[in-house]
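Scroll down for the structure; my scribbles are underneath it.
The values are calculated or read from the model by the stated rules, or taken from the named source; none is laboratory data. Bear in mind the structure is a predicted one, so any value in this text is a computation, not a measurement. Reconstructed Cβ throughout: ideal geometry from the backbone, glycine too, with neighbour counts over all protein chains shown.
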Amino acid sequence: MTNRTILVLLDPATEVRTGVLELLTIARGLGRVEAVSLESPTVEALAQLGAYGVGTVRQAELPPALHGDERHLPAVVAAALAAAVRRADADVVLLPTSFANKEAAALAAHHLGAGLIIDAAAVSEDDDRRVVGSKRVFAGSWDTACAVTTDVAVITVRANAVVPAAAEAAVEPVVEGFAVQVPELPVTLVSRTVKPRTSGRPSLEEAAVVVAGGRGTGGDFGPVEDLADALGAAVGASRDAVFEGWWDAYIGQTGVTIAPRVYIGAGISGAPHHRGGMQAAQVIVAVNSDPEAPIFEICDFAVVGDLADVLPQAAAEIRKHKG
Amino acid sequence: MRIVVTVKYVPDINTERGFEDCRVVRSPAEGTLNELDENALEAALQLVEAAGQGEVVALTVAAPDGDVALRKAFQMGVTRGVRVSDDALAGSDYFGTAAALAAAVRKLEEESPVDLVITGMAALDGLGSVVPVLLAAELGRPALHLAKKLAVSGGTVTVVREADDVTEELSAPLPAVVSVTDTANRPRFPNFKLIMAARTREIEAWTAADLGLDPATVGAAGARTQTVSAAPRPPRPETQLVTDKGDGGVALAEFLLRNDLV
Ligand SMILES: Cc1cc2nc3c(=O)[nH]c(=O)nc-3n(C[C@H](O)[C@H](O)[C@H](O)COP(=O)(O)OP(=O)(O)OC[C@H]3O[C@@H](n4cnc5c(N)ncnc54)[C@H](O)[C@@H]3O)c2cc1C
């Protein structure tokens, strides 16, 4: 163990999402862990942070001139992270990978002159005590490792990189405010709407099991949702299915990148663009009526058949087992 | 309306991609224009066409093989291509690449103002999506990233962005930097006339020195990260393929249960 200080972005601070718990677990392996928030953490959030070994929560005090939603702009998050690093004399900043966080991470690294790693699957230390981020690239076909050569490292980490584990001993976190200067924003936020999370289903980004439907559903996502619910899984889609208006979020290089324990693709051919977003899954399962479907090349298990028959039967069988 | 579009030369995602000595293998036979940059080129061409006057300049930082990317831009209707090539730039990280692109944009500005810089949402090799962010930061210009809708009027650019379950409308005064997603438009197919013209169009090659870049701040020398290993993943075990004869769903459930995946 070293005397490094690791900051983990806690956004929102009203709940501690699984992705953040994973980051805290990784961070404890690197040094002393603190959280950075842009709002006051709830009592529940603090208790959970304490259980994960977070001694200090640094809460950004943003300029009053910022209007409500502007605090979500990556430029603001980046200013807060950079100020927190200076304040805590921190060595590493970890953020869960998302489009907004990639932007915030890049800007924070720009402010700090820090090295930047995007979408790491693991973070470790090498023999020279440099921070190393490992990632899986080229649609899951290569593993690379990058060492950060600057004093400060800013790293976004993909979901499901580790299984979250609480600290051996819980601590009582203290919340410490710190002032953040935000230079005048050159961009005007005209409006911002957040899609509500589907209650009862995990989010696609964080889910351990994902069932995805493609053009082969013919527009009926019923069987896909049925199997997902039997498994407690998230539902995803191919881009074609989203373009058809059958579902709202797609998996792939330009959509959501996922790395769940299990990916089940139904009526999806397995185009390279789609694979790029799911090939890091630990176990890949497919259901496709075409025995030559390209997705079968990367599967652990596959059923050649009509998804409208196979998925409901699988869902019923799993429900039977669960009792 | 004068627009610079940054383009990248990447290995085709339909080919075996790989690394050699910790660097991405870029073989001319399998290299191509990053597909997502076609959306940026399309957006720029549409804006210039709507304005009735102006210019789209395609800009790349690459070895001479990267001309392939610029030729594809010409095929879509771009009339000027600039390639920044220098041994000093080899091994650049996100920051080095952004610094070189920014320096080239500034050099283009010396000729006449650049209203917009448009980029794709990501490069399909690295998928970082951060070079556009850093380019805007280097240039000190407003950044509007991941636009799925883009409009310019009266010196203001407005975008709608959709990312991570959030929809935002953002606006900023020109000059600005915008990245567009793959859903922003449908890139045009080149026509015969443009394909022929693209073959002979001249490409301007600039060096790090032309841009006043300090070699110590770019390339491997200036990089803040260093790739220390790159190894191909072991092949996946054989696929267990079951043909549904009325019990395919049961077989699927059993596979999941047997492997403790439920
Ligand atoms: C720049 C760019 C970026 C892209 N990014 C993405 C991305 O991020 N994500 C993405 O997914 N795509 C992306 N695409 C699109 C991608 O190239 C494919 O077109 C898309 O993934 C195909 O979707 P699909 O598999 O649902 O459809 P198809 O390729 O049409 O496949 C449908 C499959 O369903 C099977 N099928 C049909 N009926 C049944 C049935 N009853 N039961 C079982 N199986 C059945 C068929 O055999 C077939 O294999 C991108 C494309 C471009 C150009």
Would you confirm whether any residue within region B:108-117 is in a strand (DSSP E or B) and either surrounded by fewer than 24 Cβ atoms within 10 Å (Cβ to Cβ) or among the β-branched types (V, I, T) (or both)?
-> yes
Just checking, how many residues over region B:174-209 are more than 30 Å from A:F243 (Cα to Cα) and of a type in the set (D, E, K, R)?
-> 5
How many residues of region B:23-79 are among the polar types (S, T, N, Q) and part of a loop (DSSP other than H, G, I, E, B)? The answer is 4
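Matching residues to (1) more than 28 Å from B:T167 (Cβ to Cβ); (2) near the ligand (Cβ under 9 Å from one of its atoms):
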residue: A:D220; (1), (2): no, no
residue: A:V235; (1), (2): no, no
residue: A:Y250; (1), (2): no, yes
residue: A:I258; (1), (2): no, no
residue: A:G276; (1), (2): no, yes
residue: A:Q282; (1), (2): yes, no
residue: A:V285; (1), (2): yes, no
residue: A:C299; (1), (2): yes, no
residue: A:D306; (1), (2): yes, yes
Please specify each residue of region A:166-179 satisfying the condition of being loosely packed, with under 13 Cβ neighbours inside 10 Å and either within 25 Å of the chain's Cα centre (by Cα) or assigned to a loop (DSSP other than H, G, I, E, B) (or both).
-> A:E168, A:A169, A:E172
Inspect all residues belonging to region A:87-95 and state whether any of them is assigned to a helix (DSSP H, G or I) and closer than 16 Å to A:V175 by Cα.
-> yes
Only one residue in A:A316, A:A286, A:A302 is in contact with a Cys (Cβ under 6 Å, 6 or more places away or on another chain) and at pLDDT 95 or above, so which one is that?
-> A:A286
Exactly one of B:V82, B:V24 is β-branched (V, I, T), surrounded by fewer than 21 Cβ atoms within 10 Å (Cβ to Cβ), under 22 Å from A:T254 (Cβ atoms) and away from the ligand (no atom under 16 Å from the Cβ), and that residue is B:V24
From (1) farther than 24 Å from A:E22 by Cβ; (2) more than 9 Å from the ligand (Cβ to nearest atom); (3) out of contact with any strand residue (DSSP E or B) (no Cβ under 6 Å at 6 or more places or on another chain); (4) outside any helix (DSSP H, G or I), pick out the condition that doesn't hold for A:D226.
-> (4)
Note on A:P291: of the conditions (1) surrounded by fewer than 18 Cβ atoms within 10 Å (Cβ to Cβ); (2) in a helix (DSSP H, G or I); (3) within 11 Å of the ligand (Cβ to nearest atom); (4) within 9 Å of another protein chain (Cβ to nearest Cβ), unmet is (2)
Failed item in (1) touching a residue at least 12 places away in the same chain (Cβ under 8 Å); (2) away from the ligand (no atom under 16 Å from the Cβ), with A:P186 passing the rest = (1)
